[in-house]
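One structure is given below, encoded as structure tokens.
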Amino acid sequence: MPVDPDALVGHFSYFVTVFLMIAGLFIVIARGNLIKKLIGLGIFQTSVYLLYIAPSKIIGGTAPIISDAFSAYSNPLPHVLILTAIVVGVATLALGLALVVRIREAYDSIEEDEIVALDIAAGAAPPAR
């Protein structure tokens, strides 16, 4: 069964979205550095933004202002929702960075393994995995 190249090009944004989603999730899971985990979270959030924005653009569509000159209209709701999601994502990132600063002050490290080792050495129960 041959693959139509035009179909692949038409879904290019979905391939980019899936790649960014997998890359962000891998960074969050595989890295022990807390800053790198936050960067991975940011990449993952960006892929979700793309997932919502990509199908919302209608080729030839205009703003939803009723006129006889236009027949196709784009829905502005996904764009508004993504603007809200971007604001929430920036706030989440800022909170995460503030927590990393406090963790660095308390443990003198931002590596997850070193923090867990210091907690175990101090007598705290190891985290459940």
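The values are calculated or read from the model by the stated rules, or taken from the named source; none is laboratory data. If you're wondering where the values come from, they're calculated on a predicted model, not measured in any experiment. Backbone-built Cβ (ideal geometry, glycine too); neighbour counts: all protein chains shown.
Results, tabulated for the structure shown:
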| quantity | calculated |
| --- | --- |
| Segment 13-26, residues that are among the hydrophobic types (A, V, I, L, M, F, W, C), in contact with a Gly (Cβ under 8 Å, 6 or more places away or on another chain) and under 17 Å from G89 (Cα atoms) | L25 |
| Criterion: closer than 20 Å to E111 by Cβ and more than 11 Å from the chain's Cα centre (by Cα) - qualifying residue of V16, V9, V87, V100 | V100 |
| Hits in segment 109-129 - residues which are surrounded by fewer than 14 Cβ atoms within 10 Å (Cβ to Cβ) and either touching a helix residue (DSSP H, G or I) at 6+ places or on another chain (Cβ under 6 Å) or at pLDDT 95 or above (or both) | P126 |
| Selection within segment 19-37 - loosely packed, with under 15 Cβ neighbours inside 10 Å and farther than 30 Å from E105 by Cα | F19, I22 |
| Scan of segment 43-96 for residues that are small (G, A, S) and at pLDDT below 85, ordered by number | A54, S56, G60, G61, A63, S67, A69, S71, A72, S74 |
| Helices (runs of 4 or more DSSP H) wholly inside segment 1-101 that include at least 2 residues being touching a helix residue (DSSP H, G or I) at 6+ places or on another chain (Cβ under 6 Å) and of a type in the set (S, T, Y) | 12-30, 34-53 |
| Leading residue by the ranking (farthest from A91 (Cα to Cα)) among those in segment 27-80 that are touching a residue at least 40 places away in the same chain (Cβ under 8 Å) and aliphatic (A, V, I, L, M) | A54 |
